[in-house]
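Before I ask anything, here is the structure I am working with.
The values are calculated or read from the model by the stated rules, or taken from the named source; none is laboratory data. Computed from a predicted model, the values in this text were never measured in an experiment. Glycine gets a Cβ as well: all are built from the backbone with ideal geometry, and neighbour counts include every protein chain shown.
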Amino acid sequence: MTRKLDPAALASPSCPAPATPERVILSHGAGAGASARLLAERIFPHLDNPWLAARHDGAVLEAGGARLAFTTDTFVVHPLEFPGGDIGSLAVHGTLNDLAMCGARPIALSCALVLEEGLPLEAVERVARAIGAAARAAGVPVVTGDTKVVERGKGDGLFVNTAGIGLVPAGRELRPDRVRPGDAVLVSGPIGCHGAAVLSVREGLAFETEIESDSACVAPLVEALFDAGVAVSCLRDPTRGGLGAALHEIASAAGAEIEIEEAAVPVAGPVRAACELLGLDPLFLASEGRLVAFVPEAHAAAALAALRGHALGRDAVRVGRVREGRPRVVVRTALGARRLLPLPAGEPLPRIC
Amino acid sequence: MRFVDEYREPDAVLRAVDVLTRRATRRWRIMEVCGGQTHAILAHGLDALLADAVELLHGPGCPVCVTPLETLDRALALAERPDVTLASFGDMLRVPGSRGDLFGARARGADVRVVYSPLDAVALAERLPERRVVFLAVGFETTVPAVAGALRVARARHLANFSVLAAHVRVPPALEAIRSAPDARVDAFLAAGHVCTVMGTEEYEPIARRLRVPIVATGFEPLDVVQGAALAVAQLERGEARVEIQYRRAVRPEGNPAARALVREVFEVVDRPWRGIGIVPSGGLALREAWAAFDAERLFPELAGEAPPEPPECRAGDVLRGALRPPECPAFGTRCTPERPLGAPMVSSEGACAAYFRYRVADAAGAAEGIA
C-alpha cells in the first residue's frame, strides 16, 4: 500500500490543526459537546420548530383539548444483554422515562426492530420477550411496530427503536426554562450504575464486578412527586452523558449556574472503584433508572420525602442548587474549592496509566 | 473505598497544608512529574491551597503528550493498511498526528480498537488470525511490564500476526534534562509514584546527588501530593537533596523486581525523541533484537518517515518542561481546545493543558478565566 499524502498538508507552510471532522465519529453519539453541535449545526436548522427548540426529552402537543407527550429513542447498546438488563427492557424503560420527564402518564408504545442477517431467531425472541415483560410491568401496551432486516455486517446484531405517547395531566408544566435560581437539585439514587454495568461486559474492556444496571421505569417517582404537591420545575433522566450532561443542558436552557457538592453526589462503591480504575468520571456515566429533579427550595424536603417513599427513590438526595450566574456547572470539592465541570470532548476514554 | 478515602479526607489535607506553609521560609518551585498528579492538583484545587509556600510546576509525565509526531503518523499509516488492526489505549486515539487522529482514520474505515490491556490486543490477534494486529504501546515504565508480559504470551502462543509499535519512555533521563537545562526553574521534583512502584527509586539517587535536587516519590491523592511537597520543602529548607518516598504504601526502593526483570528481558534502553522536548538520551525503551519478530518498527520499515514539523502555534514543549503554564499560552482555550487541539497536552487525560481547561476554564465562550 502506498502512503497517501494530504495535498493540503503539503501546501500548508505549517502543520495544520486537525480539521473539523466531516464524517460521523463516535463522539457525535456520546451525549456531550460533539452531539450538541451535530444537532445544532446539521439537523435542527432543517427542522426548526418550537417543540424542538424547547430541547426537552419529548414534545408536549395540544390536541383536542388534551396535552399529549410524544417521544422516541433508539437503542444500540452492545452487548444486547448486560448485568441487570438487556436491550429490550432498556428500550421500554428509556422511552417511558422520557415521557415521565415531560410529566406524562404513558398511554402506548411503538417498537421497531432492525435485525442483522444471521442473528439467531432465539435472540430476537429473547428481546421481544423482554420488551413484552417490561411493557406489561409498566401497564403500557406496545400497539404498533415495524421490523426490517439488513445484510450481514450492516448492523450490530439488533437495534431497537421505541416511541411513546402519554397524557400530561393539567397543571404539570415541566420545562428546562422553568428552572430558576434558588431551585434545589435532587437525584433519585446512586448514579452511573448502567454505564458501568455495560462497560464491564463490553468487548475488550470486560472486568469483574457486582455492578448491575439501574434500568427501570421511573414514572412512579414522578407520580409520587406530584401526589405530594411538589411544584416541580423540571425533570431529567440522566442517560447518555450522565448527570454531568443533564446538568449542562439545564444550566444552558435556564441561563443559570448549577452548583453541585462533590461529596453529596451518590455513587455506589463498586461504580466508584471501576471509575477509579478506568479513569472515568461517574458524573458522565449513564443511568437508566434515575431522575434529576429541579424543585423550588421550599419544596425540597417534601420532594425528597416523596422520592424516598418509593423503592426506586429510597436513596434520593439533594446534590446541589441553581444560582444566579452565567450558564455553567460548578463543583464544590470536598476541600472547599470551586471548579468548573466541563463536558467531556467525546466518548469517555480509558487512560493509559 | 480503602486507600482512597483516607487520602482525600479534607481535615487531614488542610492540616498538612498548614504545617507545610508554616515551615516554608520562601516560595519553592516544585515540579510534579506525573500528569495524573497534575490532574489531582487542579481537580482538588491543591495549587491554590499551597500557593503561599509552593509554586507547582507541571512536568512532562504524560506519555501521550511526549509521543512524537512521527510515531503517531506511523500508527495512522499502519491503521490505514487494509490488512492491519491497530489497537491502543483510548487516550491515543484523539491525539492529532500531522494528518489527523486515529478516530478520524476509524471513521474513514480503518480498523482501530480501544483496549484496556495489551493482553486484550493479544486476544484480538488470536481471534483475528487473518489480520495483522499491531498494538501501539505508549507509556512510562508503569505500562512497560504489561506490554512485556503480553509479548511473552504472544510468543508462547506462536502468534505470528501480533506486533508492538513501542513508544515507551523513561522518567529519570527527562528529570535530568529538565533540571540541567540552562533555564531550569525547578527546586525539587515529586516523582511519579506508579513509575516508582515498578522501577523503584534507585535510578534517581545519582540525579538527586549530582544535580542537587530533592526527589520525592509521591502518590496521586490530595494528601499524597501535599505530603510529598512537605517532604520536598523540608529538604529544601535544610539544604538537602535526597531521594525520599512519600508513597510508601506502593513504592519500595528496589521497585518490583519481577516486573523489572520482565522489562529487561524484552526491552532495552535507547535514545528517544520526546515530542516538544527533543531527543532525550536513554529516554526510551525499544524491543530487543531477540523480539524482532514482534517489533512493528522492524516489520513495517517502509513506514519510517521524516519527523514532520510541529505546529508552530503549539507550545507543548515549553509546557512539558514546566517553562510555560498552560493558561499563559496564547492559543489556550481559543485556538486550542480539547475538541480542536493543537497539541497532545490538550487531549490526554494526563495533559497539563487539558487539566487547566477542564477545571479552570471551559466556559461557553471558551475564554480563559479564573473561577471564584
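Output the residue which, of all residues in the range B:233-252 that are within 30 Å of B:ALA167 (Cβ to Cβ) and of a type in the set (A, V, I, L, M, F, W, C), is surrounded by the fewest Cβ atoms within 10 Å (Cβ to Cβ).
Checking each candidate, the answer is B:ALA250.
Just a yes or no: is a residue in the range A:316-326 touching a Gly at 6+ places or on another chain (Cβ under 8 Å), surrounded by 19 or more Cβ atoms within 10 Å (Cβ to Cβ) and assigned to a loop (DSSP other than H, G, I, E, B)?
Yes, that holds for at least one residue.
Given the criterion modelled with pLDDT under 90 and surrounded by fewer than 19 Cβ atoms within 10 Å (Cβ to Cβ), identify the matching residue among B:VAL64, B:VAL19, B:VAL95, B:VAL4.
That would be B:VAL4, the only listed residue that is modelled with pLDDT under 90 and surrounded by fewer than 19 Cβ atoms within 10 Å (Cβ to Cβ).
Which residue, of B:THR38, B:THR71, is closer than 30 Å to B:ARG132 by Cα, of a type in the set (Ser, Thr, Tyr), in contact (Cβ under 8 Å) with a residue 40 or more places away in the chain and out of contact with any Phe, Trp or Tyr (no Cβ under 8 Å at 6 or more places or on another chain)?
Details: B:THR38 fails: closer than 30 Å to B:ARG132 by Cα.
None of the others qualify; the one that does is B:THR71.
Determine whether A:GLU41 is out of contact with any helix residue (DSSP H, G or I) (no Cβ under 6 Å at 6 or more places or on another chain) and part of a loop (DSSP other than H, G, I, E, B).
no
Within 14 Å of another protein chain (Cβ to nearest Cβ), surrounded by fewer than 24 Cβ atoms within 10 Å (Cβ to Cβ) and in contact with a Pro (Cβ under 6 Å, 6 or more places away or on another chain): is that true of A:SER252 in this structure?
Yes; evaluated as a whole, the condition is true for this residue.
Say whether the condition of being outside any helix (DSSP H, G or I), of a type outside the set (Phe, Trp, Tyr) and in contact (Cβ under 8 Å) with a residue 12 or more places away in the chain is met by at least one residue in the range A:86-96.
Within the range A:86-96, one or more residues are outside any helix (DSSP H, G or I), of a type outside the set (Phe, Trp, Tyr) and in contact (Cβ under 8 Å) with a residue 12 or more places away in the chain.
Which condition breaks for A:GLU259 when tested against (1) closer than 25 Å to A:ALA54 by Cα; (2) of a type in the set (Asp, Glu); (3) part of a loop (DSSP other than H, G, I, E, B)?
(3)
Next question. (1) under 26 Å from A:ARG332 (Cβ atoms); (2) assigned to a loop (DSSP other than H, G, I, E, B): which one isn't true of B:THR334, the others all being true?
(1)
Turning to a different aspect of this structure: Which one of these is more than 8 Å from chain A (Cβ to nearest Cβ), in contact with a Phe, Trp or Tyr (Cβ under 9 Å, 6 or more places away or on another chain) and over 30 Å from B:ALA323 (Cα atoms): B:LEU128, B:LEU124, B:LEU151, B:LEU119?
Result of the check over B:LEU128, B:LEU124, B:LEU151, B:LEU119: B:LEU151.
Any residue that is in contact (Cβ under 8 Å) with a residue 40 or more places away in the chain and assigned to a strand (DSSP E or B) - is there at least one of those in the range A:117-139?
There is no residue in the range A:117-139 that is in contact (Cβ under 8 Å) with a residue 40 or more places away in the chain and assigned to a strand (DSSP E or B).
Moving on. Scan the range B:269-327 for residues that are out of contact with any Leu (no Cβ under 7 Å at 6 or more places or on another chain), within 14 Å of another protein chain (Cβ to nearest Cβ), under 17 Å from B:PRO60 (Cα atoms) and charged (D, E, K, R) and report the count.
0
Now, a different point. Those residues that are more than 10 Å from chain A (Cβ to nearest Cβ), of a type outside the set (Ser, Thr, Tyr), part of a helix (DSSP H, G or I) and under 18 Å from the mean Cα position of the chain (by Cα), I need them from the range B:67-81; list them, please.
Hits for the range B:67-81 are B:GLU70, B:LEU72.
Which ones in the range B:33-47 are out of contact with any strand residue (DSSP E or B) (no Cβ under 6 Å at 6 or more places or on another chain) and among the polar types (S, T, N, Q)?
B:GLN37, the sole residue that qualifies.
Could you pull out the residue among A:GLU276, A:GLU257 that is without any contact (Cβ under 8 Å) to a residue 40 or more places away in the chain and within 14 Å of chain B (Cβ to nearest Cβ)?
Residue meeting the stated conditions: A:GLU276.
For residues in the range B:14-63 being in a helix (DSSP H, G or I) and more than 14 Å from every other protein chain (Cβ to nearest Cβ), which is nearest to the chain's Cα centre (by Cα)?
Checking each candidate, the answer is B:LEU20.
Of these, A:PRO344, A:PRO282, which one is of a type outside the set (S, T, N, Q), facing chain B (nearest Cβ under 9 Å) and touching a helix residue (DSSP H, G or I) at 6+ places or on another chain (Cβ under 9 Å)? Quick ask: steps written out before the conclusion?
Details: A:PRO282 fails: facing chain B (nearest Cβ under 9 Å).
After applying the criteria, what remains is A:PRO344.
Take the range B:82-109 and flag every residue that is closer than 25 Å to B:GLU306 by Cβ, touching a strand residue (DSSP E or B) at 6+ places or on another chain (Cβ under 7 Å) and more than 8 Å from chain A (Cβ to nearest Cβ).
The answer is B:ASP83, B:VAL84, B:LEU86, B:SER88, B:LEU102, B:ALA105.
Also, I was wondering about something else. Please enumerate the residues belonging to the range A:83-140 that are touching a Phe, Trp or Tyr at 6+ places or on another chain (Cβ under 6 Å), within 17 Å of A:GLY289 (Cα to Cα) and not small (Gly, Ala, Ser).
Of everything in the range A:83-140, those that are touching a Phe, Trp or Tyr at 6+ places or on another chain (Cβ under 6 Å), within 17 Å of A:GLY289 (Cα to Cα) and not small (Gly, Ala, Ser) turn out to be A:ILE87, A:LEU90.
Here is a list: B:GLY200, B:GLY276, B:GLY255. Which entry is at pLDDT below 95, closer than 30 Å to B:LEU165 by Cβ and surrounded by fewer than 24 Cβ atoms within 10 Å (Cβ to Cβ)?
B:GLY276
Here is a further query. Working only within the range A:44-85, note down all residues that are part of a strand (DSSP E or B), within 30 Å of A:ILE211 (Cβ to Cβ) and not β-branched (Val, Ile, Thr).
The answer is A:ASP73, A:PHE75, A:GLU81, A:PHE82, A:GLY85.
Given the condition over 19 Å from A:PRO190 (Cβ atoms), touching a Cys at 6+ places or on another chain (Cβ under 9 Å) and not hydroxyl-bearing (Ser, Thr, Tyr), answer yes or no: does some residue in the range A:241-251 qualify?
Yes, the range A:241-251 contains at least one residue that is over 19 Å from A:PRO190 (Cβ atoms), touching a Cys at 6+ places or on another chain (Cβ under 9 Å) and not hydroxyl-bearing (Ser, Thr, Tyr).
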